[in-house]
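Enquirer: This is the structure I want to talk about, given as structure tokens.
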Amino acid sequence: MIEPVLKDDAFLADVAAARQETSALHLWWLGQSGFLLVQNGRAVVLDPYLSDSLTHKYAGTDKPHVRMTERVVEPAALAGIGVIDLITSSHKHTDHLDRETLLPLLAGNPQAPLAIPAANREFVLERLGRNHADRLLELDDQISVRAGAIEITGIAAAHPTVERDTAGRCRFLGYVLHCPGLSLYHSGDTLWHDGLLPSLQRFSLDVALLPINGDRPERRVAGNLDGRQAAQLAHAIGARCVIPCHFDLFEFNTASPDEFVAECRRLGQPYRLLRHGESWDFNKASEL
């Protein structure tokens, strides 16, 4: 079992220290596609998965979700870090819409909206409870909404295709977040698709958070970009820095970041390779 760089009390202490800084912008990898962003004492939590719900669900089946890395922090403890301005869920798969993670976060931050694809509204309410209906911030491809000082725009994701409901709304999204001093793209789960580059190239993106676990049919789950594709996408959209995710959590669905790093270096694409529970100050240089 891999131990996070920081976890539990040490992680919370690091977050608390960052919240006291007025000029820095910190990002922590929570594992899978989950991230915590802190700036000027405020926080955004992106697609958090901080439970063992999938391990329990698939125990004893032919698709066990065996953890590779320990959990960074309990959801209730993360909920108590201070004001959280926004929580996101890019789609309905449990590692992006986890009841055991989201309910404590929502309970501890009654002011925080939960950004979701509008197409998933009914599914989200069934999973989290209809009492959360007024917490939902509903998005679609190319639709922008505001949550306080943050503007968030939906970007169609292909998982494995760009799937739409009967109203034509995307069931899988990525998000572009515009915060003071930062533009960030969190892809959610996606493969490369025809509309992806035109949707993203109109933004001036500082950071791209992209999956690298790849698309292997033998896993029997919807796939993602692999490391090489993630580096190429970041380069094509002009991201100032790319950070890989969606690896080193489950044994059956992971990948080495070596291919990602090699392709970033070949392209001259700035990147940062984080470990679970590790923070990054956006104002610092990349690894290139």
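Enquirer: Which of the peptides 178-186, 276-284 is most tightly packed, and how do the rest follow, going by the mean number of other Cβ atoms within 10 Å of each residue?
Expert: Output ranking for 178-186, 276-284: 178-186, 276-284.
Enquirer: Moving on. Over what distance in Å are the Cα centres of the range 167-218 and the range 11-47 separated?
Expert: Cα centroid to Cα centroid, the span is 20 Å.
Enquirer: Tell me which lysines have Cα within less than 24 Å of LYS63's Cα, excluding those fewer than 8 residues away on the same chain?
Expert: List returned: LYS92.
Enquirer: Tell me which aspartates and glutamates have Cα within less than 17 Å of LYS57's Cα, excluding those fewer than 8 residues away on the same chain?
Expert: Result set, ordered by chain and number: ASP95, ASP98, GLU100, GLU251.
Enquirer: Here's a follow-up. Indicate, rounded to the nearest 5 percent, the antiparallel portion of the DSSP beta bridges found entirely in the chain.
Expert: 60
Enquirer: Determine, from the Cβ-Cβ distance of ASP134 and ALA236 and an R0 of 25 Å, the FRET efficiency 1/(1 + (r/R0)^6), rounded to the nearest 0.05.
Expert: 0.05
Enquirer: From the phi of every residue in the range 219-229, what ³J(HN,Hα) in whole Hz does the Karplus formula 6.51 cos²θ - 1.76 cosθ + 1.60 yield, where θ is phi - 60° and glycine or proline is x?
Expert: Running phi through 6.51 cos²θ - 1.76 cosθ + 1.60 with θ = phi - 60° gives 6, 6, 9, 4, x, 9, 4, 8, x, 5, 5 Hz.
Enquirer: Another question, then. Rounded, prolate or oblate: which fits the range 63-208, taking a ≥ b ≥ c as square roots of the Cα gyration tensor eigenvalues, rounded meaning a/c under 1.5, else prolate when a/b beats b/c?
Expert: Taking the square roots of the gyration eigenvalues as a ≥ b ≥ c, the range 63-208 is rounded.
Enquirer: Rounded if a/c is under 1.5, else prolate if a/b beats b/c, else oblate: with a ≥ b ≥ c from the C-alpha gyration tensor eigenvalues square-rooted, which is the chain?
Expert: In terms of gyration-tensor shape, rounded.
Enquirer: Which of the peptides 252-265, 25-38 is most tightly packed, and how do the rest follow, judged by the mean count of other Cβ atoms within 10 Å per residue?
Expert: 25-38, 252-265
Enquirer: How large is ³J(HN,Hα), in whole Hz, for each residue of the range 6-12 in order, when computed from phi with the Karplus curve 6.51 cos²θ - 1.76 cosθ + 1.60 and θ = phi - 60°, using x for Gly and Pro?
Expert: 9, 8, 6, 4, 5, 5, 4
Enquirer: Right, here's the next one. Where does each of 125-131, 7-13, 72-78, 58-64 land if you order them by average Cβ count within 10 Å, highest first?
Expert: Per-residue Cβ counts within 10 Å, averaged per peptide and sorted highest first, yield 72-78, 7-13, 125-131, 58-64.
Enquirer: In nm, to one decimal, how far is the PHE123 label point from the GLU100 one, both placed 7 Å along Cα→Cβ?
Expert: Computed distance between label sites PHE123 and GLU100 equals 2.0 nm.
Coordinate-derived values only; no laboratory data. Just so it is clear, the model here is predicted, and its values are computed rather than measured. Note that we place each Cβ from the backbone using ideal geometry, even for glycine, and neighbour counts take in every protein chain shown.
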